[in-house]
1. Can you confirm whether the range 412-432 contains a residue that is buried (at least 17 other Cβ atoms within 10 Å of the Cβ), among the hydroxyl-bearing types (Ser, Thr, Tyr) and at negative phi?
2. Quick check on this structure: which one of Leu186, Leu137, Leu153, Leu116 is crowded, with 21+ Cβ neighbours inside 10 Å, at negative phi and under 19 Å from the mean Cα position of the chain (by Cα)?
3. Which residues, counting only those in the range 225-235, are crowded, with 23+ Cβ neighbours inside 10 Å and either touching a helix residue (DSSP H, G or I) at 6+ places or on another chain (Cβ under 8 Å) or among the aliphatic types (A, V, I, L, M) (or both)?
4. Looking at (1) under 25 Å from Thr450 (Cα atoms); (2) modelled with pLDDT of 90 or more; (3) assigned to a helix (DSSP H, G or I), which one does Leu28 not meet, given that it meets all the others?
5. Restricting the range 50-62 to residues that are among the small types (Gly, Ala, Ser) and closer than 14 Å to Val103 by Cβ, which is nearest to the chain's Cα centre (by Cα)?
6. With Val376, Val366 as the choices, which residue is touching a strand residue (DSSP E or B) at 6+ places or on another chain (Cβ under 6 Å) and hydrophobic (A, V, I, L, M, F, W, C)?
7. For the range 435-463, give me the residue count where each residue is over 25 Å from Glu411 (Cβ atoms) and open to solvent by 10 Å² or more (accessible area, probe 1.4 Å).
Amino acid sequence: MPERRTVALVTLGCARNEVDSEELAGRLAADGWELVENAEEADVAVVNTCGFVEAAKKDSVDALLEANDLKDHGKTQAVVAVGCMAERYGKELAEALPEADGVLGFDDYADISNRLQTILNGGSVEAHTPRDRRKLLPLSPVERQEAAAAVALPGHGSVDAPEAPADLPEGVAPASGPRAPLRRRLDSSPVASVKLASGCDRRCSFCAIPSFRGSFVSRRPSDVLNETRWLAEQGVKEVMLVSENNTSYGKDLGDIRLLESLLPELAAVDGIERVRVSYLQPAEMRPGLIDVLTSTEKVVPYFDLSFQHSAPDVLRAMRRFGDTDRFLELLETIRSKAPTAGARSNFIVGFPGETEADFAELERFVTHARLDAIGVFGYSDEDGTEAATYEHKLDQDVVDARLAHLSRLAEELTAQRAEERIGETLEVLVESVDEEDGVIGRAAHQAPETDGQVLLTTADGASPDLAPGRMVSAKVVGTEGVDLVAECLFEEAGR
């Protein structure tokens, strides 16, 4: 009988990383590894790192060090870094963090089991040398699909890959087709992310993501559909489409409007109650896409719009487009079609050269935008980005003051926006039931992790008898910051 090997996956960062972790879980389970939830119970702790901004990188390093501490008093024998930070820094991270027994890049994912076994046996796996992944594929998007088969793209299948074996463990499957990467769910949540594409062709001056995630490559619609069907069979009720830029989907497949035709097909998958699209570029929003997002049954009118700023001079320095009035017009267009549509965004304050007038313009936009959720970040230099070379950097105390001011304003405005929803009837997907926290769910305008949530009650204020995965109608009767309190409207709520 083969030796029992246990592994835990610790995931940091965005929903794209969560999908990648489930791919790694599928590959490992198929090769006989037993997946455990807690790192202290695992022979190997695999930390799927984030390399986006300084705070996220610090969290990743802290997670690796915390896992390393387990080697002194727990079962854990090895700690391995994967994910964006590992891909971005490779050997540099390995040298700076000797506590990590391995630093594996995307090229290692296809053979992750053997890599971990080598490390567990006391061997070493050479950390990869980072390179600009944008240069691995043709510059022209229409030439990428064939070339992409030779490049490691987490979550993407290949026509040249061998078919998956027929005797896979329960819960493991090539979710999007016989030659697709394996996937195994790491929790029983009724919500799951589906990767729509990888990489990004935009060249925002502050962002390093394209350099380590590569150029934009769409997954084929059939792959996205098949994976959604598989997730529905696993009990998933809501799928969230994720990528670095969903509005670009299909441009390398010859149809920039492919998302508009794919969304109704996803919504028609048996068992799926809700389809959500994340990360949309304002400059790429099309009237047809707005129409589909606001009028298709089971596709939620939710707009995760990457504004980043609204002062024209700052946006130009960011290599982005738009201004306050155009952004407000976009939101008005959306709300004219779906008055209760959800909208969220992130903003960077203290960008090099940002004047007091620029900051005031951003404040004007945020004040009038009526966003449901707002993320605010203070600018910091990112290795290898154009903005890191800019002059006119602001003093850190100015950045910190603007960050604190806009964060306070955002908290007030999103709380006001939540209060505007009192009296609305929502369709709420129940996500968790807990004796202490009660019955918690999310409405159409709330994405998992990043936005608010809904506390469900009955007419007499009691906690309804509901299980995760139920979709219920509820009327908003109160708020707690951005969170809502809603009373169930159907007779079965007490069952």
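1. yes
2. Values: Leu186 fails: crowded, with 21+ Cβ neighbours inside 10 Å; Leu137 fails: under 19 Å from the mean Cα position of the chain (by Cα); Leu116 fails: under 19 Å from the mean Cα position of the chain (by Cα).
Only one candidate qualifies: Leu153.
3. Listed by number, the residues that qualify are Thr228, Leu231.
4. Exception for Leu28: condition (1).
5. First, the residues of the range 50-62 that are among the small types (Gly, Ala, Ser): 51, 55-56, 60.
Next, only the ones that are closer than 14 Å to Val103 by Cβ stay: 51, 60.
Numbers: Gly51: 13, Ser60: 16 Å.
Ranking the qualifying residues of the range 50-62, first place goes to Gly51.
6. Details: Val366 fails: touching a strand residue (DSSP E or B) at 6+ places or on another chain (Cβ under 6 Å).
Result: Val376 is the single residue among Val376, Val366 that is touching a strand residue (DSSP E or B) at 6+ places or on another chain (Cβ under 6 Å) and hydrophobic (A, V, I, L, M, F, W, C).
7. Looking only at the range 435-463, we keep the residues that are over 25 Å from Glu411 (Cβ atoms), and these are 435, 439, 458-463.
Filter once more, keeping what is open to solvent by 10 Å² or more (accessible area, probe 1.4 Å): 435, 458-463.
Counting residues in the range 435-463 that are over 25 Å from Glu411 (Cβ atoms) and open to solvent by 10 Å² or more (accessible area, probe 1.4 Å) gives 7.
Residue by residue, here is whether (1) touching a strand residue (DSSP E or B) at 6+ places or on another chain (Cβ under 7 Å); (2) within 21 Å of Val277 (Cα to Cα) holds:
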| position | (1), (2) |
| --- | --- |
| Pro174 | no, no |
| Ala180 | no, no |
| Arg184 | yes, no |
| Ser215 | no, yes |
| Leu225 | no, yes |
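The values are calculated or read from the model by the stated rules, or taken from the named source; none is laboratory data. All figures in this text were calculated on a predicted structure; none of them were measured in a lab. Ideal geometry is used to build each Cβ from the backbone, glycine not excepted, and the neighbour counts take in all protein chains shown. Note: areas computed on protein heavy atoms with side chains; ligands, DNA, RNA excluded. Shrake-Rupley method; radii C 1.70, N 1.55, O 1.52, S 1.80 Å.
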